[in-house]
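The values are calculated or read from the model by the stated rules, or taken from the named source; none is laboratory data. The structure displayed is predicted, hence computed values, not measured ones. Cβ sites come from the backbone with ideal geometry, for glycine too, and all protein chains shown count toward neighbours. SASA here: full protein model, heavy atoms, side chains in, ligands and nucleic acids out. Shrake-Rupley method; radii C 1.70, N 1.55, O 1.52, S 1.80 Å.
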Amino acid sequence: MKDVADHYRDVVALGEPLPESTVPIDEALGRVLVEDIRARFAVPPFTNSAMDGFAVRADEVREGHALRVSDDIPAGRTDIPVLPACCAIRIMTGAPMPEGADAVIPVENTQDAGANMAPDPPARIVPTATVPAGANVRRRGEDINEGDLLYPSGTHLTAAHLSALVSVGYGQVAVRSQVRVGVITTGEELREAGADLALGQIPDSNSILLAGMVREAGAVPLVRAFHADTVEDFMRDLQDILDQVDLLITAGGVSAGAFDVVKAALRAYGVEFVKVGMQPGKPQGCGVLEPAGHSARRIPILCLPGNPVSVFVSWHLFAVPLMRALAGEPPVDFDALFTTVRAGTGWSRKPGRVQFLPVTARERKVTIGECNRDERGTVAPDGVLIYPSSHGGSKSHFVASLAGAAALARVPAERAKVEAGDLVDVMWLGRAR
């Protein structure tokens, strides 16, 4: 059987970065930068108040001694006054600091604080506490200055990235094209969601599962549910969508059955079908296809098993890294996908293949100074414990338990049992836990 890490590397190698385009910031979520981003503006762009209060010279402030209020600076004011000697200027959070001021007294540190925030500023204030120079002031550029590197090329853009891009002066960015994923589920026994079932028929949950995971990954799904088992009809369906997608994923029809249409149809096109040493998900296929009349385009294809847990595990191990390669993200070594945590309970399994078990995660309190290391010297995060998401282990048809899965636990092929408290490698689902 093929090694899991070898199959991972072969799959990722199929992904050539998609073309780039410049898009508005509000269309860049989930996309990957194709250029380094340097700040056009400093953050903050000007020195401003971190509090609602009064801008002062710190060395002029005495507790119980009045200061005349000479002006008022709401947020957004652009004609900024100079602070006269022995005075204060009322200022709102985010408003520019006046020339001569070096601190802000919070309004709550003044007598009659409520009245001091009336629409009209007070004639004077009486501080109830002193402030050091620099107190409650945000300095220009203290987060980032003009010209500083904000994000390197290859950064996958989240909502927080987009906010920062706007803050440093960008309205559009150059990114990789959004990945379009064709999804084909196969099987004469499949019926659409909500349909009544005859004996021998099952709902086509895989098309919904895959389309949803495509969207969660920031890509665009194009779904074709193929509920027949003939090579000719399958290839017709496939060719209909091949020139509309950047990646094609099939589910079902790749095992050793007499009617496995995906394997029968695609072997002639150079798609390789192998047995990978993993459980679930042993039968796998991968390769590239060329749309009719588009010899310059090469569309990667992944052929996944048909059972839902096999689809779920295979998606996270192989499809997501391939999509990231298409999106232009740098490759990641297979072992780097995993971290080490402790099992909160034990489970047994049949050895022989590497197990990838969907697991839930729970926090636990640790004593101060408690720290454990695994055999590689890596600190194990004892504040997290994992548990199988299903009481039936990683059987490939246990779809009902997938929604609770936070990670995939990797158990070596030769290991027959995991005990409570054992260190286990896990791959967190999603980009970060």
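Considering only region 133-152, state which residues are farther than 22 Å from GLY94 by Cβ and open to solvent by 60 Å² or more (accessible area, probe 1.4 Å). Within region 133-152, LEU149, PRO152 meet the criteria.
Within region 16-58, being over 30 Å from ASP79 (Cα atoms), open to solvent by less than 70 Å² (accessible area, probe 1.4 Å) and touching a Gly at 6+ places or on another chain (Cβ under 8 Å) holds for LEU18, PRO24, ILE25, GLY30, ARG31, VAL32, LEU33, VAL34.
Residues are listed down the side, and each one gets a yes or a no for (1) farther than 22 Å from VAL276 by Cα; (2) at pLDDT 95 or above; (3) of a type in the set (Lys, Arg); (4) surrounded by 11 or more Cβ atoms within 10 Å (Cβ to Cβ):
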{"site": "ARG349", "(1), (2), (3), (4)": "no, no, yes, yes"}
{"site": "VAL354", "(1), (2), (3), (4)": "no, yes, no, yes"}
{"site": "ALA361", "(1), (2), (3), (4)": "yes, no, no, yes"}
{"site": "THR378", "(1), (2), (3), (4)": "yes, no, no, yes"}
{"site": "SER389", "(1), (2), (3), (4)": "yes, no, no, yes"}
{"site": "SER396", "(1), (2), (3), (4)": "no, no, no, yes"}
{"site": "SER401", "(1), (2), (3), (4)": "yes, no, no, yes"}
{"site": "GLY430", "(1), (2), (3), (4)": "yes, no, no, yes"}
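Residue check: GLU329 meets all listed conditions (1) in a loop (DSSP other than H, G, I, E, B); (2) under 17 Å from ASP10 (Cα atoms); (3) in contact with a Phe, Trp or Tyr (Cβ under 9 Å, 6 or more places away or on another chain) but one, namely (3). Taking the criterion of being open to solvent by 10 Å² or more (accessible area, probe 1.4 Å) and assigned to a loop (DSSP other than H, G, I, E, B), the residues of region 272-286 that qualify are GLY277, LYS282. Reported count of residues in region 96-132, each being open to solvent by 30 Å² or more (accessible area, probe 1.4 Å) and not in a loop (DSSP other than H, G, I, E, B), is 6.
Please tell me if LEU197 is open to solvent by 50 Å² or more (accessible area, probe 1.4 Å) and at pLDDT 90 or above.
No: the conditions fail for LEU197.
Being without any contact (Cβ under 8 Å) to a residue 24 or more places away in the chain, of a type in the set (Asp, Glu) and within 25 Å of HIS161 (Cα to Cα): is that true of GLU27 here?
yes
Residue count for region 226-261 under the criterion of being over 18 Å from ALA211 (Cβ atoms), among the aliphatic types (A, V, I, L, M) and either modelled with pLDDT of 75 or more or crowded, with 18+ Cβ neighbours inside 10 Å (or both): the result is 4.
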